[in-house]
Structure formats: C-alpha cells, structure tokens
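Taking it in order: structure first as structure tokens, then the write-up.
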Amino acid sequence: MIFFEPGNRDRKLLPHDPFKGVIVPRPIGWISTMSEGGALNLAPYSFFNGFSSWPQIVGFASESEKDSAAFAIETGEFVWSMATWALRDKMNATSAGLPRGESEFAYAGLATAPSKLVRAPRVADSPAALECRVTQVVRLLNIEGRETPGTLVLGQVIGMHIDERLMKNGRFDLVAARPIARCGYDEYTVIERVFSLKRPDSGGNSFGGEKAS
Ligand SMILES: Cc1cc2nc3c(=O)[nH]c(=O)nc-3n(C[C@H](O)[C@H](O)[C@H](O)COP(=O)(O)O)c2cc1C
C-alpha cells in the first residue's frame, strides 16, 4: 500500500491527486439558480449528495466563490436536475466559466422547463429534478479551524419532478434513465446495470429505512 499525507505525495508516483479518483462515483449536482435580478445560471457540482431522506436534504459544495452558491444564498433557492448519458456533453458545456449573468442554458443549447415552487427553472430534457429551498450555508473549515474557500449549500427538497415514461413497476427505472456520475481525473461512469441486496433486518425490504410520508 502507498501511504501519504495529502499535500505531501510523491508526484513521480502520483502525478495527479488520487482523492477524487477514490471517492467515486459522485452523483452530479446539476444546479440551476436564478439571481434576485433574474440572471439564470446552471453548473455541474460533483461534490453533491443527499444527506437525509426525511426531511429530504441535498447539498452541493463550491470550492471557491462561484455563481451557483452565490445565487442560491442570495435567493434561498436552487434546483437539481439529473445529468444523463444523453445530456453528458451539454452538462459538461455548462461548466464553462461564463461571465456572471450569461446563461449556461443558452450557451449549452439546453431548454428550460419552469419549476412549480421556486423561480429557477429545471433542465427540460432531464428525467428527474428537485426544487430546493436553502436550509444551511456551511463555510468549510480545515483542521486548524481556519475557513477554507469552500462553501457547502444545503437545501430541503420542496418539489420533485419525475418523467413518468421512466416509471416501471412503481420504481424510477435507473437503467433506462442512464444517469452519469463523476469519477476521478476526466472520467465518468454511467449506470447501465443495477443489482439488489435485501437488508437482513428489514423483513426482506431493501428500502428498510424508508419513512412514511
Ligand atoms: C462534472 C463536473 C463536476 C464539477 N464539480 C464541481 C464541484 O463539486 N465544486 C466546484 O466548485 N466546481 C465543480 N465543477 C466546476 C464548476 O462546474 C465550474 O467551476 C463552473 O464554471 C461553476 O459555475 P458557476 O460559477 O456558474 O456556479 C465541476 C465541473 C464538472 C464538469
């Protein structure tokens, strides 16, 4: 095993930091926001995940001061859209560093679809989307307690969109939706196969911890 402390790796052995290559695959937080002034923004964030199933909390982390976090903090709202294999190039295009106020929807040739409960639209061609209201903004600290440039924006899901064509036997058909996820370096993965495991303590129900709602 190679052991090293972050920031002090052997760059001959490990020319690229393997951190993002081992925390994999990371779901892509394709985040749309709208500023108070009506500027539209869309960008991918792979430091994204769900943190609680009830209430449903999701969050994305910005490694520096970027528009998505700024607009979400300013308005208290953001929308997540699922990035899929079919949308991979357009998703990637939305990571371009455009001047504030210039819409990545237009830049990437993506249509918007209106949200129901928040101002920012969702990606029309994406098969799933979450409308979220910001619950916490966490400035990330290092082990000395000093602020880093990173900000984690957490939000509660207040509305969910699902493409009914992808519903199969009461479940969202992931293999048909083909979501993509981020790996390390310039690599991604795509969901093409899933498998089931029954939890031992859930009476055979693999959704053991699901809350009634
Ligand atoms: C797949 C993918 C994942 C990304 N994940 C992150 C991330 O987790 N945090 C981050 O700060 N930037 C991330 N980026 C870079 C941002 O998307 C990029 O800086 C973008 O211009 C930010 O846009 P904004 O200023 O409109 O929010 C990612 C880019 C790609 C292509």
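Computed quantities for the displayed model
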read-out	value
Förster radius 35 Å - calculated FRET efficiency between Gln156 and Ile2, Cβ distance, rounded to 0.05	0.30
Sequence ranges 68-79, 51-62, 90-101, ranked by mean other-Cβ count within 10 angstrom, highest first	68-79, 51-62, 90-101
Assigned charges on the beta-carbon of Lys, Arg, Asp, Glu; the chain dipole about Cα centre (debye)	540
Extension gain, Glu147 back to Asp173 (0.36 nm per residue minus Cα-Cα distance, nm)	5.2 nm
Set of lysines near Lys12 by C-alpha distance (under 27 Å), chain-local residues within fewer than 8 positions excluded	Lys20
For the chain, the Rg and Dmax computed from alpha carbons only, in angstrom	18.4, 53
Hits among aspartates and glutamates - C-alpha to C-alpha of Lys116 under 16 Å, sequence gap 8 or more where chains match	Glu77, Glu131, Asp163
Per-residue ³J(HN,Hα) for the range 57-74, Karplus 6.51 cos²θ - 1.76 cosθ + 1.60, θ = phi - 60°, Hz, x for Gly and Pro	10, 10, x, 10, 10, 9, 7, 7, 6, 10, 5, 4, 5, 4, 5, 5, 5, 4
In the range 7-41, trypsin sites (Lys or Arg not before Pro) in a DSSP loop with at most 12 other beta-carbon atoms within 10 Å	Arg11, Lys12
Theoretical FRET efficiency, 1/(1+(r/R0)^6), r = Cβ-Cβ of Ala86 and Val137, R0 35 Å, to 0.05	0.60
Trypsin sites (Lys or Arg not before Pro) restricted to DSSP loop in the range 129-160 with at most 16 other C-beta within 10 Å	Arg146
Per-peptide average of other Cβ atoms within 10 Å, ordering 42-49, 107-114, 179-186, 161-168 highest first	42-49, 179-186, 107-114, 161-168
Distance in nm between pseudo-label sites at Phe51 and His16 (7 Å out along the Cβ direction from Cα)	2.9
Distance from the range 46-101 to the range 129-163 (C-alpha centre basis), Å	9
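Values in this text are rule-based calculations from the coordinates and carry no lab data. Remember, it's a predicted structure, so these values are computed and weren't measured experimentally. Reconstructed Cβ throughout: ideal geometry from the backbone, glycine too, with neighbour counts over all protein chains shown.
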